1. Could you list all residues from segment 135-159 that are over 20 Å from residue 24 (Cα atoms) and in a strand (DSSP E or B)?
2. Which residue is surrounded by the fewest Cβ atoms within 10 Å (Cβ to Cβ), if the candidates are limited to segment 140-164 and must be closer than 16 Å to residue 183 by Cβ and among the small types (Gly, Ala, Ser)?
3. For residue 253, indicate whether it is of a type in the set (Lys, Arg), in a strand (DSSP E or B), closer than 30 Å to residue 283 by Cβ and modelled with pLDDT under 95.
4. Scan segment 119-134 for residues that are modelled with pLDDT of 95 or more and in a helix (DSSP H, G or I) and jot them down.
5. Run residue 51 past the list (1) under 22 Å from the mean Cα position of the chain (by Cα); (2) surrounded by 13 or more Cβ atoms within 10 Å (Cβ to Cβ); (3) closer than 20 Å to residue 18 by Cα and report the number of the one that doesn't hold.
6. Evaluate the following for residue 272: is it among the β-branched types (Val, Ile, Thr) and touching a strand residue (DSSP E or B) at 6+ places or on another chain (Cβ under 7 Å)?
7. For segment 323-349, give me the residue count where each residue is part of a helix (DSSP H, G or I) and either free of Cβ contacts under 8 Å to residues at least 40 places away in the same chain or surrounded by fewer than 18 Cβ atoms within 10 Å (Cβ to Cβ) (or both).
Amino acid sequence: MNRRTIAVIDLKAFYSFVECLDRGLDPWKVPLVVADKERGTNTIVLSVSPFLKKQGIPSRCRLKELPKKFEYIYAVPRMERYLEKSAEVISVLYHFVAEEDIHVYSIDETFVDLTSYLSYYQKTPSQMVSTILKQIKEDTGLEATAGIGDNFFLAKIALDVYAKRERNGIAKISLNEIKEKVWPITPLNKVWGIGLRTEAKLNALGMFTLKDIATSDINFLKSKFGVIGEQLWRHANGVDEADIHEKYEPCERSLSLGQVLFRDYKKDETITIIREMVDTLALRMRNENKMTGLVSIYIGYSKNAGGFARRTTLLAPTDDGQILLDAILEIYRRNVKDLPIRRVVLCFGHLSVASHQQLNLFEDDGKQIKRRNLQKTLDFLQNKYGKNSVLRGSSLLEESTIIERNKLIGGHHK
């Protein structure tokens, strides 16, 4: 087994910490909440300050679930600012290691391969990580915790399960500590890669700790979970052969876009939302020089009244927004119920390189070419002058959200 020294660094209460720093506030002493109150009491809180975390308030809840005993400071999410601060942290890491030894896992979490640097800096893994965390705080004001392991999985377990218990915020797990530090972990949803559904299935099979998984038969797990079963068994035994230097390129990608609506929408109003989302997703796809051969839609009804998810394979791969819209609306109209709608998700799958465009034999060639030229012109204008530079007339309808959404990053204010 190729033993490495992997560290994963996690920025504490990242969004709220940034907001506190920008306001000159002490994150450990103020009740700051990152959430947009204008979206209503059902709005999800993105982050709470370390002060509130110490009071037992979770980072993810809805505004209406916050205890009433605090005079909260509300901060509207600013994704552009968070991306800037995240980039500052990565810049700090570049002072210590090369770019190829860094894997940015998320905006506030990064893996670093320290293997070839320990002898150079003449430090132990914990000393090296401690130095990095101190530099991050000095240069950015942000605080972080870290997990260290002989591979990705062990480093992540050290971070998620043990680092918060340590005074310096750093925990380490080596391969010879699997039985003592990894096997006893329960509940299983604390483990990286095990969600609530997988945990429920494992529990139904009598597995409640990682030891239960590690000592079970790998073929049995594969029969119940497929390839995920083998991964569960390998991780439970401390095996993770992922290499930070091998940049993963999926053999098949997909593009998706989702929206939680701010109010209940009627089924006819939702067509405006779907049209805008198709336009947005199709532009992204064309900018990546891709075509899709499969489209899907998910509709979620209000007040937990269920919903539906359907997909359809296209006659030929395309990046034509009108063809994609027609296909998705056909699914929508065939399946939608006359119930208030609160969530819409679209996905384009079976992506391929847009090397050529197959014309539809049942539509006039000239009309198709004219529409394609129009799309190219609109793409050019939006890419050069901004997404709101050219919009459909329907963007002025009361139910439209496209103008506001084009001002956001990741669904949040810049």
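The values are calculated or read from the model by the stated rules, or taken from the named source; none is laboratory data. Keep in mind the model is a prediction, meaning the values are calculated, not measured. Note: ideal-geometry Cβ built from the backbone for every residue, glycine included; neighbour counts use all protein chains shown.
1. Within segment 135-159, 145, 146, 147, 148, 149 meet the criteria.
2. This residue is 158.
3. The answer is no for residue 253.
4. Those that are modelled with pLDDT of 95 or more and in a helix (DSSP H, G or I): 125, 126, 127, 128, 129, 130, 131, 132, 133, 134.
5. Answer for residue 51: the failing condition is (1).
6. Details: among the β-branched types (Val, Ile, Thr): yes; touching a strand residue (DSSP E or B) at 6+ places or on another chain (Cβ under 7 Å): no.
No: the conditions fail for residue 272.
7. Here is the first cut: in segment 323-349, the ones part of a helix (DSSP H, G or I) are 323-335.
Those still in the list that are either free of Cβ contacts under 8 Å to residues at least 40 places away in the same chain or surrounded by fewer than 18 Cβ atoms within 10 Å (Cβ to Cβ) (or both) too: 323, 326-327, 329-331, 333-335.
Selection size over segment 323-349: 9.
Residue-wise test of (1) of a type in the set (A, V, I, L, M, F, W, C); (2) at negative phi.
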{"position": "114", "(1), (2)": "yes, yes"}
{"position": "117", "(1), (2)": "no, yes"}
{"position": "150", "(1), (2)": "no, yes"}
{"position": "183", "(1), (2)": "yes, yes"}
{"position": "193", "(1), (2)": "no, no"}
{"position": "200", "(1), (2)": "yes, yes"}
